[in-house]
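Comments concern the structure below.
The values are calculated or read from the model by the stated rules, or taken from the named source; none is laboratory data. Bear in mind the structure is a predicted one, so any value in this text is a computation, not a measurement. Note: ideal-geometry Cβ built from the backbone for every residue, glycine included; neighbour counts use all protein chains shown. Protein only, heavy atoms only, side chains kept; ligands, DNA and RNA dropped before computing areas. Shrake-Rupley method; radii C 1.70, N 1.55, O 1.52, S 1.80 Å.
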Amino acid sequence: MTNPEPPTTAASADFDFDSIVIGGGAAGLAASMVLARARRRVLLIDAGAQNNLRTTHAGGVFLHDGEAPSALYARALEQLAAYPTFERLQATVTSAGAVDGGFRIVSSAEGSPPEMLTARTIVLAQGVQFAPSTIPGADALWGTSVVNCPFCDGYESRDLHVLVAGTSDYLTHMAAMLPAWVDDLSYSESTEIAEMKPGVDGLEVSFTDGRSETFGRAFVQQEWTQRTELADALGCARRDDGLLQLDGYGQTTVAGVFAAGDQSANAMQVNLAVGSGHAAGTGAVFALVLPPAAP
């Protein structure tokens, strides 16, 4: 019988895991799959609060067009559970730092004391932090009748009366983009909207001038910030645009620390997250099994 466990070296025996993946969205799940299939001891730490969990469908996802992200995540976890070297912890990572030959993180789970864990490599896949919308009511409808990405939701909006709301720069950008998907479009700056709420026939939008109109969907400008605390604590360098500086396999400027998903790109799409997670997982395997390159 083939032994499913990975070969243990003196270096790996000094750590709880070969790799800790932080974040259980598409990128973190993809990275975990690569590591588990390479028989690396991998721990996925996830708080279960992905930005797209409320989204009813994931448009354009290769081979899974239209499936809900929550269903995709559940299926990935079911498949990962079949690998004996994979573990999952529902918690939040509160700190990270380097130790000799690897890294140490501290996780916090509700109802449990903080836990310190070590690994030879880390994959950062935490996604981004959305800022609350300035339009009253928009956040409660996010991922259903209020969306942001034409590549994800444009086709499903093609026959709807659609409102585009945001700053003047956003409206100019979307006026050039959205007609490729949608014919019936209206535009409004966010400051001109008093409220968005579900209506009998669709999305009811009240304007500050007293008007009210019903739309099938709204594309609303979304602001977000990178989750920088862990990467900054680990000393990972950033580019001028604020994104992490990465090599072709998602490795940051700190050897053994990888990043994937929304933390590595501005285009927030499931396909791209999966690809970057697969690359980061591959890079982590290389770091674990190949000797360090000569300086």
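Here are the numbers for this structure:
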| read-out | value |
| --- | --- |
| Filter result for the condition that a residue is under 20 Å from the mean Cα position of the chain (by Cα), at pLDDT below 90 and among the aliphatic types (A, V, I, L, M), over Ala131, Ala140 | Ala131 |
| Exclusive hit being among the β-branched types (Val, Ile, Thr) and either at pLDDT below 95 or on the phi > 0 side of the Ramachandran plot (or both), set Val147, Val205 | Val147 |
| Flag if Thr92 is touching a residue at least 12 places away in the same chain (Cβ under 8 Å) and over 18 Å from Val274 (Cα atoms) | yes |
| Strands (runs of 3 or more DSSP E) contained entirely in the range 25-119, each with at least 3 residues that are open to solvent by 50 Å² or more (accessible area, probe 1.4 Å) | 86-90, 92-99 |
| Count of residues meeting criterion [closer than 16 Å to Ser145 by Cα and open to solvent by less than 70 Å² (accessible area, probe 1.4 Å)] in the range 191-213 | 9 |
| Failed item in (1) modelled with pLDDT of 95 or more; (2) in contact with a Phe, Trp or Tyr (Cβ under 9 Å, 6 or more places away or on another chain), with Trp224 passing the rest | (1) |
| Enumeration of residues in the range 156-168 that are at pLDDT 95 or above, open to solvent by 50 Å² or more (accessible area, probe 1.4 Å) and either basic (Lys, Arg) or within 25 Å of the chain's Cα centre (by Cα) (or both) | Arg158, Thr167 |
| Subset tally (residues that are under 17 Å from Ile22 (Cα atoms), among the hydrophobic types (A, V, I, L, M, F, W, C) and under 17 Å from the mean Cα position of the chain (by Cα)) for the range 271-284 | 4 |
| Neighbours by Cβ (under 9 Å, 6+ apart or cross-chain): first from the range 179-195, of a type in the set (Phe, Trp, Tyr); second exposed (fewer than 13 other Cβ atoms within 10 Å of the Cβ) and assigned to a helix (DSSP H, G or I) | Tyr187/Ala175 |
| Residue in the range 147-155 that is open to solvent by 30 Å² or more (accessible area, probe 1.4 Å) and touching a strand residue (DSSP E or B) at 6+ places or on another chain (Cβ under 9 Å) present | yes |
| Filter result for Gly242 (more than 21 Å from Asp100 (Cβ to Cβ) and open to solvent by less than 20 Å² (accessible area, probe 1.4 Å)) | no |
